[in-house]
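Only one structure is covered here, and it is reproduced in the block below.
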Amino acid sequence: MLILGIETSCDETAAGIVENGRHIKSNVVSTQIDIHKKFGGVVPELASRAHTELISHVICEALEKANCKLSEIDAVAVTNSPGLANALLVGTETAKALSFSLGIPLIAVNHIHAHLYANFMEQSSIICPVVGLIISGGHTAVFYMENCNSYVLLGQTYDDAAGEALDKVAKMLNLGYPGGPGISKRAEKGSSKAINFPRAFLGKDIYNFSFSGMKTSVARHIERNFAGNSEDINDICAGFQQSVIDVLIKKIIGAAEQKNVETILIGGGVTANAELRKQLSEICKEKGVNLFSPSLKLCTDNAAMIAGLAYCRYKEKKFEDLTLDIYPQFRS
Ligand code: KG4
Ligand code: ZN
């Protein structure tokens, strides 16, 4: 069973071919970081234009790398939510055209769910139920999963996503875009105890997040106390990164305890953060909880995870017709 996945929800144009939901035959990602970095964030209109130019090439490359012909593809899957409206449209309309012309099923995939599903592609020992934490540039959310087709939302951010807050703090400090890797590199050289930024925990058994105030406290600190030297930047990065990590860890461990599950999955671009992985894996070991996180190539946006999750939907015959719409807002 070969599924072609297409992903154009934000600033990566991606196509991948996956066999039976797990075996990645190709995973091609064309990043638009160079287009957007001079603006310090994604410019939606530029993103959709770039997707339009790139999508056919990226699909052809995915077929070539998988050594497979279009006629061998059994179904086409696409991210139709959440994301930038015009960017999502490029992927969904391409997928509809392929589904119609090849006479194969069309499968809609939720990008956020696919980030969590990425764990199942690399690990065969995950036993549900589990709780999952999604930490990306656009979303931060906690889910309860009974299987790979069931994602019950336990909480999400009221304002900025964790990655968005890191990106905005990086912008304040001129650390480039996307900001997460820059913050993490600087944080390695700083002290996380030098500046104590506030943490918004919001209360016990609440799995929502609020990173906007935490980000603003960095802006206030910069206005009032920033001397502009490199050590200051390192300490701000280490302090802010730690405040974000503390909140993320408290929420997901709390959710695992409340739901009485033995396994935690994490996914999304911020999962690439080495310090978060280290601290979360230490606390999971202490508490006897299994922790799974995708390898780096499946943490950030890609289409293999879309084709992978589509296989679960294929097995339940969850197919779409050509009226398939896009949903820019996250719908659980
Ligand atoms: O999942 P993703 O690739 O795209 C979205 O769906 O949003 O996540 C992108 C986010 C960005 O905010 C980026 O700064 C963050 O992931 N990120 C990181 C790291 N690498 C990427 N954040 C912290 N540490 C990293 N090493
Ligand atoms: Zn993503």
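Please go through segment 16-47 and pick out each residue that is open to solvent by less than 50 Å² (accessible area, probe 1.4 Å) and within 16 Å of ligand 1 (Cβ to nearest atom). Those that are open to solvent by less than 50 Å² (accessible area, probe 1.4 Å) and within 16 Å of ligand 1 (Cβ to nearest atom): GLY16, ASN27, VAL28, SER30, GLN32, ILE33, HIS36, GLY40, GLY41, VAL42, VAL43, ALA47. The single condition among (1) within 22 Å of ILE252 (Cβ to Cβ); (2) open to solvent by 30 Å² or more (accessible area, probe 1.4 Å) that ALA165 does not meet is (2). Can ASP321 be described as touching a Ser or Thr at 6+ places or on another chain (Cβ under 8 Å) and either among the charged types (D, E, K, R) or open to solvent by 50 Å² or more (accessible area, probe 1.4 Å) (or both)? Spelling it out, it is not the case that ASP321 is touching a Ser or Thr at 6+ places or on another chain (Cβ under 8 Å) and either among the charged types (D, E, K, R) or open to solvent by 50 Å² or more (accessible area, probe 1.4 Å) (or both).
Where helices (runs of 4 or more DSSP H) fall wholly inside segment 250-332, the ranges with 3 or more residues that are more than 14 Å from ligand 2 (Cβ to nearest atom) are 274-287, 304-315. Pairs meeting the criteria (first residue in segment 204-222 and acidic (Asp, Glu), second residue crowded, with 16+ Cβ neighbours inside 10 Å and at pLDDT below 95, beta carbons under 9 Å, at least 6 apart or on different chains) are lacking. Screening the candidates SER71, SER48, SER9, SER56 for the property of being within 21 Å of the chain's Cα centre (by Cα), without any contact (Cβ under 8 Å) to a residue 60 or more places away in the chain and either within 16 Å of ligand 2 (Cβ to nearest atom) or not in a strand (DSSP E or B) (or both) yields one hit, SER48.
Residue-level analysis places VAL142 outside the set of residues that are open to solvent by 10 Å² or more (accessible area, probe 1.4 Å), assigned to a strand (DSSP E or B) and either touching a helix residue (DSSP H, G or I) at 6+ places or on another chain (Cβ under 6 Å) or in the same structural domain as VAL218 (by TED's automatic domain parsing) (or both). The residues of segment 200-218 that are assigned to a loop (DSSP other than H, G, I, E, B) and of a type in the set (S, T, N, Q), listed by number, are ASN208, SER210.
For segment 263-273, the count of residues that are open to solvent by 60 Å² or more (accessible area, probe 1.4 Å) and either within 16 Å of ligand 1 (Cβ to nearest atom) or in contact (Cβ under 8 Å) with a residue 40 or more places away in the chain (or both) is zero.
Apart from one condition, ALA85 fits all of (1) at pLDDT 95 or above; (2) crowded, with 20+ Cβ neighbours inside 10 Å; (3) within 16 Å of ligand 1 (Cβ to nearest atom); the exception is (2). Could you tell me whether segment 173-195 includes any residue that is of a type in the set (Val, Ile, Thr), out of contact with any Asp or Glu (no Cβ under 7 Å at 6 or more places or on another chain) and open to solvent by 30 Å² or more (accessible area, probe 1.4 Å)? Within segment 173-195, none of the residues are of a type in the set (Val, Ile, Thr), out of contact with any Asp or Glu (no Cβ under 7 Å at 6 or more places or on another chain) and open to solvent by 30 Å² or more (accessible area, probe 1.4 Å). Going by what's in this entry, would GLU61 be described as without any contact (Cβ under 8 Å) to a residue 40 or more places away in the chain, part of a helix (DSSP H, G or I) and either touching a helix residue (DSSP H, G or I) at 6+ places or on another chain (Cβ under 8 Å) or charged (D, E, K, R) (or both)? No: the conditions fail for GLU61. Within the bounds of segment 92-106, is there any residue that is open to solvent by 10 Å² or more (accessible area, probe 1.4 Å), in the same structural domain as GLY308 (by TED's automatic domain parsing), under 24 Å from ARG49 (Cβ atoms) and under 12 Å from the mean Cα position of the chain (by Cα)? No, there is no match, as no residue in segment 92-106 is open to solvent by 10 Å² or more (accessible area, probe 1.4 Å), in the same structural domain as GLY308 (by TED's automatic domain parsing), under 24 Å from ARG49 (Cβ atoms) and under 12 Å from the mean Cα position of the chain (by Cα).
Is it the case that LEU154 is closer than 27 Å to ALA114 by Cα, within 13 Å of ligand 1 (Cβ to nearest atom) and modelled with pLDDT of 95 or more? Here the answer is no, as LEU154 does not meet what is asked.
The values are calculated or read from the model by the stated rules, or taken from the named source; none is laboratory data. Source: prediction; values computed, not measured. FYI the Cβ positions are ideal-geometry reconstructions off the backbone, even for glycines, and counts take in every protein chain you see. Ligands, DNA and RNA are excluded from the accessible area calculation, which covers all protein heavy atoms including side chains. Shrake-Rupley method; radii C 1.70, N 1.55, O 1.52, S 1.80 Å.
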